[in-house]
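Here the structure is laid out as C-alpha cells; the discussion comes afterwards.
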Amino acid sequence: MSMDDSKSPSRLGRLFAARGMGQVVTAAFGLVILCVVFGILNPIFFSGRNVGNLLRQIAPILLIGIGQSYVLITGNIDLSIGSVVGMSCMVSATLMTMGMNPWVAVAVTLICCLIVGVLNGCLVAKFNLPPFIATLGTMTIARGIAQIVNNNYNTDSIGPAAEGFRNFFYYGRLGGLFNTIWISLALWLVFNFILSRTRLGRHIYATGSNKEAARLSGVDVVASTTAAYMVSAVCSCVVGLIVCATSGMGTMDAGNMYELYAVAASVIGGVSTLGGQGLLLGTVMGASIWGVLQNGLQFAGAPVAIRNIVIGVIVVVSVLLDVVVRSEKRRRKRERKEEAKG
Amino acid sequence: MSEYIVELEGVGKSFAGIRALDDVSLNLKSGEVLALLGENGAGKSTLMKILGGIYTRDTGIIRVFGEEIDEMTPKRAKELGIAVIHQELNMCTHLTVAENIFLGRELLRSGMLDDREMNIRAAEVLSRLNIDIAPDTVVGTLPISKQQMVEIAKALSTNARILVMDEPTSALTSKEINDLFHIIRSLRDQGCGIIYISHRLEELQHIVDRVTILRDGKYIATTRFCDTTMAEIISNMVGREIKEKFPRVETPLGRTILRVKGLNAGRQVRNVSFELREGEIVGVAGLMGAGRTEMTRALFGADPKDGGEILLDERPLRIEKPMDAIEAGIVLVPEDRKKDGLCTKLSIRENVALPNLDILKGALSTVNSRGEREMVERTVKNLSIRLSNAEQNADSLSGGNQQKLVVGKWLAREFRVVLFDEPTRGIDVAAKAEIYHLMNDLKTRGLGVLFISSEMPEILGIADRIIVMCDGRVTGEFPAGTATQEKILECATRFEDKLGLAAGD
Ligand SMILES: Nc1ncnc2c1ncn2[C@@H]1O[C@H](COP(=O)(O)OP(=O)(O)OP(=O)(O)O)[C@@H](O)[C@H]1O
Ligand SMILES: [Mg+2]
C-alpha cells in the first residue's frame with residue numbers, strides 16, 4: 001500500500017514537473033493580474049499606442065533574458081551581458097561614424113561580441129573558472145573596450161548613411177508592430193527551437209542538471225556551455241545594436257546593469273539559478289512582467305525610485321515562492337526515498 | 001582471438017603519490033559473471049573506472065575483444081561496448097527517464113530530437129527490466145531505488161557486451177534485486193560479460209561464476225565460485241579470518257536512557273513510542289516507507305515534529321533543531337552519506353572537526369589545531385579509515401571509507417544516545433564487523449544505541465531488542481531471542497486497513 005506513493009506521478013504532474021512549467025504558469029497568472037490592475041487604474045494602458053510601446057520596452061529585456069536563461073540553465077551565470085551591450089553599441093556606432101557601411105559594421109560588431117562569448121565559455125567550461133569570477137572579468141574588459149573604441153567619448157550621431165540601420169533596428173514597422181519586436185520574436189523562436197528541440201538544447205539542460213553525469217554519458221560539456229555563452233553574446237549584441245539605433249549614437253554606459261535585469265527576467269519566469277531547469281516561455285513571462293511594471297508604474301506616475309523598489313520586491317518574492325515550493329517538494333521526495341528502501 | 005573479452009594486465013594507478021592499484025590483472029570471458037571483491041578502498045571502483053576510461057592508468061595493458069587499447073576514454077569505452085554503472089548515482093535529475101537513457105546519443109528525426117521515439121524505446125527497455133515507470137517521468141521525482149534501476153536500464157539500452165556494475169544493489173529493494181538478477185542471468189546467457197561488485201556476499205551465489213579478489217590495491221586471487229568457500233573468499237579479502245560475523249556481548253540491562261512517547265511528524269511518523277535502555281542495542285526493522293529515517297530525523301530535530309514527548313534520563317527535552325539534540329547528547333549518523341553525512345568538498349580533517357568545534361575551541365574562539373589533529377588521528381585509527389592524508393577531500397575516499405568517516409565524526413565527541421541509520425550500507429565485511437564491535441562497545445559503556453537496518457540477518461544478529469515499523473507506526477517489538485525473520489516480516493507488512501480499521505497491534 002505504501003508503494004502506491006512511490007509510483008510515478010500522474011501525466012499532468014509529469015508534464016508540470018518537467019523543466020519548471022509550473023513556475024511559467026504562475027508567472028503567467030501574475031502577468032495577467034498585473035495587466036488587469038494597471039488596465040483598471042488607467043484605461044489608456046490598453047490603448048494600441050501604449051501596447052506598442054510596452055512591447056518595444058519588453059523586447060530588449062526579453063533578448064538579454066534569453067541569453068541569461070541559456071547560461072543559467074547550464075548552471076552558470078553571465079555577468080558580462082550589460083558590458084557586451086555597451087560594447088556592441090559603441091563598436092557599431094564608432095565604425096559607422098568612421099564611415100563604414102552599417103551592415104559591415106554590424107557584422108564586425110557581432111564577431112567582437114562572439115569573441116567575448118567564446119572567451120566566457122572557455123574560461124568557465126574548459127579552465128573551470130567559477131563563472132561569477134570569469135564573467136566579472138570579461139564584464140570589466142568589455143566595458144573597457146566600449147570606452148576605449150572612441151577614446152573615452154560617446155560617439156557623434158551615426159549620420160544619415162545609417163538610416164537603413166536605424167529603420168531596421170528601431171523605428172521601422174511591419175504589420176503595425178515595431179521591427180524591434182519582430183526581431184526579438186524571431187530570435188526567441190530560433191533559440192527556443194534550439195533549446196527545446198535540438199540535441200544541443202538537450203545537452204545544455206543535461207550539463208546544468210549534472211555536469212559529471214552528462215560528461216560520462218558522452219556529452220561535450222565544454223561545447224554546450226560555450227554555446228550557451230555564445231547565445232548570450234549574440235543576444236547582447238543585438239540589444240546593443242537596438243540601443244545604438246534608438247539613440248542614433250554610441251553611448252559608453254549603454255546596457256549598464258542589464259546582466260542583472262536579465263537574471264531578474266529569467267528567475268521571475270522560473271529559470272533556476274542552480275541550472276538544469278527553465279523554459280524560454282518563462283523568460284517571456286519574466287520580461288513581460290518587468291516591462292509591464294515599468295510601463296504601468298510610469299503611467300501611474302510612480303517615480304523611478306518607487307519603480308525600482310517594486311521590481312526588487314517582485315524579484316525576491318518570485319524566487320522566494322519558488323524556494324518555498326521546492327522545499328516542500330524536497331520533503332516529499334525524502335519521504336518517497338525512505339519508502340523506496342525496505 | 002583469445003577466450004577473454006576483457007584482459008587487464010599489470011594495471012597500476014597512483015593518486016598524488018599514493019598507490020591505489022599495483023600490478024592488477026583481471027580477465028573476463030563472454031557469457032560469465034565475474035565478481036570483483038575486496039575491502040573498502042581495495043581499488044575495485046578505480047580499476048573499473050580505468051576500464052571505463054574515466055581514469056587513465058599509469059601502467060599496464062588493456063585488451064578488449066583481443067584488441068589492445070592505448071588510450072581509453074569514456075567515448076571509446078562506449079564504442080567498444082563497455083557500459084559502467086557507477087557506485088554513485090549519476091543522473092541528470094531534471095531530465096526525464098527517457099532523456100537520461102538517451103543522453104549523449106539522442107535519436108533525431110530530420111535534425112530534431114525525436115522524443116516520441118525515445119519515449120517508446122525507453123518504455124521497451126524499462127518493460128524488459130520489469131520496471132514500472134513512465135519514460136517521461138522526471139528522474140528527480142523518483143525514489144533512489146528507482147533511479148538506480150533507471151541507471152541500469154540506461155546501461156543496458158546501449159546493447160553493451162561488457163557490463164560493469166559497481167554495487168548496483170545497495171539501494172535496491174529485494175524485489176528489484178530479484179528482477180536485476182533475472183536480467184543479469186539472461187544477459188549472461190546472451191553472451192555478455194558482466195563484472196559485478198558488491199559487499200553483499202550472500203548475493204553472489206545467485207549469479208556469480210568466478211571471483212577475482214583485490215586487497216590493498218593488489219591482485220590476490222581468481223577462482224571459480226563453485227570451487228571456493230565463503231570463508232576463503234573473506235580471508236582472501238581481509239587478509240585474515242573473521243571469526244564471528246555477528247559478535248555479541250551480553251550486558252545487564254540498566255536504567256532507561258531515552259523514552260520517546262507518541263512522536264508524530266507528518267505522514268511518515270505516527271504515534272511512535274519506544275524506549276532505549278542502558279546495555280542494549282535496539283534495532284529498527286521495516287520495509288519500504290516504514291518511516292524509520294523520518295523517525296530518527298524528527299527525533300534529532302532535523303525535521304519538524306507535530307507532537308510527542310522525548311525524555312532523556314527521565315528529563316523532558318525540547319528538540320527543535322539539530323543543535324538542541326547534539327547539546328543534549330543525541331547524535332545521528334544519517335544514511336545518505338553524500339547528502340546528509342559529509343561536506344564532500346571539505347577535507348577529512350575538517351569533516352571530523354565540524355560537529356566538534358565546541359570541544360576544539362581554543363583561545364579567542366579559534367579552532368585548536370593540535371586538538372583537531374589529535375581528534376582526526378584518533379578517529380582514523382579507531383575506525384581504520386583508509387586514506388592517504390587527512391587533508392584530502394572527503395569525496396576522494398572510497399565509498400565505504402566515507403561511511404566510516406560519517407560514523408567517526410560523531411564518535412569523536414561525548415554523547416548519550418546515538419542513532420545509526422543504515423550504518424553498514426556499502427561497507428565491507430571487515431568494516432561491518434568493526435562497526436558491530438563499536439556498537440557493542442558503546443552498549444557496554446552504557447550508552448543508548450538505536451540501529452536502523454534493512455538487512456535482516458544483521459539486525460537479528462546484533463540487536464538485543466527489535467522494533468518493527470510499518471507505515472510510520474510501530475507494529476511490533478521483540479526481544480532478540482524470540483524474533484524470527486517471519487515474525488518481523490509479518491509486522492513489517494501490517495499496513496493499516498484501507499477502511500480505516502486499525503490492524504490489531
Ligand atoms: N580521485 C581520487 N583521489 C585520490 N584518491 C583516490 C581517488 N579515487 C580513489 N582514491 C583512493 O584509491 C583507493 C581505492 O579506492 P576505490 O574507490 O577504488 O575503492 P573500492 O574498492 O571501490 O572501495 P569501496 O568498496 O569502498 O567502494 C582508496 O584508497 C581511495 O582513497
Ligand atoms: Mg567502490
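Numbers for the structure displayed
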| quantity | calculated |
| --- | --- |
| Segment B:323-423 shape via C-alpha gyration tensor axes, a/c threshold 1.5 | oblate |
| Dimensionless Rg over Rh [segment B:237-326; C-alpha; Kirkwood] | 1.09 |
| Fraction of antiparallel bridges per DSSP, the protein assembly as shown only, in percent to nearest 5 | 55 |
| Radius ratio Rg over Rh of segment B:4-238, counting only Cα atoms, Kirkwood formula for Rh | 0.97 |
| Percent of beta bridges antiparallel (DSSP, chain B, rounded to nearest 5) | 55 |
| Helix axis angle, A:221-247 relative to chain A longest principal axis, alpha carbon, degrees | 40 |
| Zone of residue A:128's modelled label, taken as backbone nitrogen in segment B:41-64 under 19 Å from a point 7 Å along Cα→Cβ | B:46, B:49-50, B:53-58 |
| Per-residue mean of C-beta atoms belonging to partner chains within 10 Å, peptide B:101-112 | 4 |
| Theoretical ellipticity at 222 nm over chain B - DSSP helices of four or more residues, -39500 (n - 2.57) apiece, nearest 500 | -9000 deg cm²/dmol |
| Segment B:299-350 and segment B:37-96: distance between their alpha carbon centers, rounded to Å | 38 |
| Using alpha-carbon coordinates, inclination of helix A:102-121 to the longest axis of chain A, degrees | 40 |
| For segment A:210-251, alpha-carbon Rg over 2.2 N^0.38 Å | 1.83 |
| Ranking of B:179, A:156, B:428 by count of other Cβ atoms within 10 Å, fewest first | A:156, B:179, B:428 |
| Among B:252-263, B:36-47, the order from most to least packed when residues are scored by Cβ within 10 Å on average | B:36-47, B:252-263 |
| Long-range amide H partners of residue B:198 with built H, under 5 Å | B:36, B:167 |
| Translational diffusion of segment B:350-505, µm² s⁻¹ [Kirkwood Rh, Cα pairs; Stokes-Einstein; 20 °C; 1.002 mPa s] | 120 |
| Average beta-carbon neighbours from other chains, 10 Å sphere, peptide A:207-215 | 6 |
| Relative contact order [Cα under 8 Å, 6+ residues apart], chain A, whole percent | 33 |
| Shielding score for B:81-88, defined as the mean number of other chain Cβ atoms within 10 Å | 1 |
| Summed residue charge, Cβ within 11 Å of residue B:80's Cβ, Lys/Arg positive, Asp/Glu negative | +3 |
| 20 Å-binned pair-distance histogram of chain B (Cα, whole percent) | 21, 53, 25, 1 |
| Out-of-range pairs (alpha-carbon distance over 28 Å; input B:146/B:338; B:245/B:409; A:126/B:29; B:44/B:432; B:361/B:432) | A:126/B:29; B:361/B:432 |
| For residue B:19, residues with placed amide H under 5 Å, excluding near neighbours | none |
| Length-normalised contact order for segment B:4-238 - Cα pairs under 8 Å, 6+ apart - percent | 29 |
| Spatial separation of Cα centroids for segment B:139-198 and segment A:233-277, in angstrom | 46 |
| Over chain B, relative contact order from alpha-carbon pairs under 8 Å, at least 6 apart, % | 15 |
| Scattering profile of the protein assembly as shown at q = 0.04, 0.06, 0.10 Å⁻¹ [log10 I(q)/I(0), Debye over alpha-carbon scatterers] | -0.22, -0.49, -1.16 |
| DSSP bridge orientation in segment B:4-238 - percent antiparallel, rounded to nearest 5 | 55 |
| Gain on full stretching of the segment that runs from residue B:311 to residue B:16 - 0.36 nm per residue minus C-alpha separation | 101.3 nm |
| Label-to-label distance, nm, for residues given as residue A:310 and residue B:182 (7 Å Cα→Cβ offset) | 6.2 |
| Distance (nanometres) between label positions extended 7 Å along Cα→Cβ at residue B:73 and residue B:251 | 5.7 |
| For chain A, the spread of Cα positions along each principal axis, largest first, Å | 77, 53, 35 |
| Between helix A:199-209 and chain A: long-axis angle, C-alpha atoms, 0 to 90°, nearest 10 | 60 |
| Segments B:370-381, A:120-131, A:266-277, B:59-70 sorted - mean Cβ within 10 Å per residue, highest first | A:266-277, A:120-131, B:370-381, B:59-70 |
| Sorted peptide list for A:283-289, A:300-306, A:57-63, A:113-119, criterion being average Cβ within 10 angstrom, highest first | A:283-289, A:57-63, A:113-119, A:300-306 |
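No lab work stands behind these numbers, since they all come straight from the coordinates. These numbers come from a predicted model, not from an experiment. Here Cβ is always computed from backbone atoms with ideal geometry, including for glycine, and neighbour counts include all displayed protein chains.
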